[in-house]
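Taking it in order: structure first as structure tokens, then the write-up.
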Amino acid sequence: TNRESIYAATLTAARSLVGEDAAIRLLVAAEAEDGRTFKVVAAAGGSEDVEGTTLDLSTLPQWKRQRLQSHRSYEVPVRGAELVSVLGIPSSAAFVLNAPLFMKDELRGTLVAAGPARVPKSIRDAIEALSSQVALALDSARVTEELVRRQSEARFSSLVQNSSDVVMVVEADSTIRYMSPSVERV
């Protein structure tokens, strides 16, 4: 129901698919929303202090970015994975799988799994399905957060407009920016 529980469920599900010895990283688009900067929001296995790390997808080779943009994952040996050190992937990992998260037809995150062996096609398909479900859950959480924020603003606005107190917002130069309707009654 909230982002943190979605992150935790994602890590648990991914590790159950890839194996307990796998390193899992969940990245989502950073607040800058330039479509390239992603932030590690959850990590399991390996160096878990990478949460909060931001990275730019433009550091990936063109073919990897195109693969992600075309809604497809890619798997490469660790030596061919540019993000290994940034993501704190353990040295025991041999392969890295990167699956895209799309929200409203925009690449808004990736699910990275690194393990000691190649991921079988059936597991890769399951990881891609998981990434789709995670994207839907995160988008639903975003919509819910926006709705709650709007309801809160509407409630506050109603309180201010129907209050018997006078509410004024005055700039330093004495310009009145807002005055509640109750000023007429008072």
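The values are calculated or read from the model by the stated rules, or taken from the named source; none is laboratory data. Just so it is clear, the model here is predicted, and its values are computed rather than measured. So basically every Cβ, Gly included, is an ideal-geometry build from the backbone, and we count neighbours across all protein chains shown. Heads up: the accessible areas ignore ligands, DNA and RNA and are worked out on the full protein's heavy atoms, side chains in. Shrake-Rupley method; radii C 1.70, N 1.55, O 1.52, S 1.80 Å.
Scan segment 90-186 for trypsin sites (Lys or Arg not before Pro) in coil per DSSP, keeping those whose Cβ has at most 16 other Cβ atoms within 10 Å, and list them by number.
Of the trypsin sites (Lys or Arg not before Pro), the ones in loops of segment 90-186 whose Cβ has at most 16 other Cβ atoms within 10 Å are K104, R118.
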Quiz item: Within straight cross-link reach of K121, meaning Cα distance under 18 Å, which aspartates and glutamates are found once same-chain residues fewer than 8 apart are removed?
Solution: E75
Exercise. Counting helices only, and only those DSSP H runs with n ≥ 4, report the 222 nm mean residue ellipticity of the chain as the sum of -39,500 (n - 2.57) divided by its residues, in deg cm²/dmol to the nearest 500.
Key: -12500 deg cm²/dmol
Quiz item: For the modelled label position 7 Å from the Cα of V143 along Cα-to-Cβ, which residues of segment 73-108 have backbone nitrogen atoms closer than 11 Å?
Solution: 104
Quiz item: Translational D (Stokes-Einstein, µm²/s) of segment 28-88 at 37 °C and 0.692 mPa s when Rh comes from the Kirkwood sum over C-alpha pairs?
Solution: 262
Exercise. Please give the per residue accessible area of the chain, computed with a probe of 1.4 Å over protein heavy atoms only, in Å².
Key: 57
Exercise. For segment 109-175 and segment 15-88, write down the distance between their C-alpha centroids in whole Å.
Key: 21
Quiz item: Counting Lys and Arg as +1 and Asp and Glu as -1, each charge on the Cβ, what is the dipole of the chain about the Cα centre in debye, to the nearest 20?
Solution: 680
Quiz prompt | Positive-end residue of Q151, L111, P77, charge dipole of the chain with Cβ unit charges | solution = P77
Practice problem: Normalise the Cα radius of gyration of segment 108-186 by 2.2 N^0.38 Å (N = residues in it) and let me know the number. | Solution: 2.17
Quiz item: K104 versus S157, label points 7 Å from Cα toward the beta carbon: distance in nm?
Solution: 2.0
Self-check item: Two-site FRET efficiency, R3 against M179, from Cβ-Cβ distance with R₀ of 30 Å, rounded to 0.05
Solution: 0.20
Practice problem: Report in % the part of the accessible area of segment 1-129 that belongs to carbon and sulfur, leaving out ligands and nucleic acids; probe 1.4 Å. | Solution: 50
Exercise. For Cα Rg over 2.2 N^0.38 Å, several values are listed as (1) 1.46; (2) 1.40; (3) 0.97; flag the one computed from this structure.
Key: (2)
Practice problem: Leaving ligands, DNA and RNA out of it, rank V96, V186 by accessible area with a 1.4 Å probe, largest first. | Solution: V186, V96
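Check each of the GluC sites (Glu not before Pro) in segment 27-122 and keep only those in coil by DSSP with at most 10 other C-beta atoms within 10 angstrom; list them in order.
Passing both the DSSP loop test and the Cβ count: E31, E33.
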